[in-house]
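*Asks:* I'd like to ask some things about the structure below.
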Amino acid sequence: RPPRSTLFPTRRSSDLKPDAIDPALLRPGRFDNIVYVGLPDIEARRGIIQLFFDKSVVVVDDWDLVDADDTTPAGALAGMTQGYSGAEIVNICQNAGRFAMRGKRDHIAWADLMKALQAQPHGVSKQMLEGYEIWGKDRR
């Protein structure tokens, strides 16, 4: 058994909900600010995706397969990621890159992005989002 000084209490990320935080940690003087940051809007999602696209080669083989109002790949994918967190969007992009590597391609195809999008579940439900928003309003 390791010495006690090397043991740290941990919590699963699914337990890190605002209402599960010990009120003693939220007493005045503990934190300067407590800020609620919601899910990214369309422009933030486009920015997250564009950062990934700037570092990668993304090829849309058949634009007719893209069902979106936006005429750019980043904008089209941003429109399809409503309700996803920033981390989930990054994971979609990274998984698309993995799919391209497994296919031994030097570029990410639109099909890779769609496969990654379908494989990524929403981590934040509508009920959770409503709870976070209520919690955030109570903190203002």
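*Asks:* Which cross-chain or sequence-distant (5 or more) residues have an amide H under 5 Å from the amide H of Val59, H modelled 1.01 Å from N in plane?
*Replies:* When sequence neighbours closer than 5 places are left aside, the close amide H contacts are Ile108, Ala109, Trp110.
*Asks:* Just grab the label-to-label distance for Leu51 and Ala119, each label 7 Å out from Cα along the Cβ direction, in nm (one decimal).
*Replies:* With each label placed 7 Å out from Cα toward Cβ, I get 2.2 nm.
*Asks:* List, in order, the whole-Hz ³J(HN,Hα) value for each residue of the range 55-61 obtained from phi through the Karplus relation with A = 6.51, B = -1.76, C = 1.60 and θ = phi - 60°; use x for Gly and Pro.
*Replies:* Ordered by residue, 3J(HN,Hα) equals 9, 10, 9, 10, 10, 9, 5 Hz.
*Asks:* Given points 7 Å out from each Cα along the Cα-Cβ axis, report the His107 to Ala87 separation in nanometres with one decimal.
*Replies:* 3.3
Values quoted throughout were computed directly from the atomic coordinates according to the rules given, and no laboratory measurement underlies them. Remember, predicted model here, so these are calculated numbers, not experimental data. Note that each Cβ is placed from the backbone with ideal geometry, even for glycine, and that neighbours are counted across all protein chains shown.
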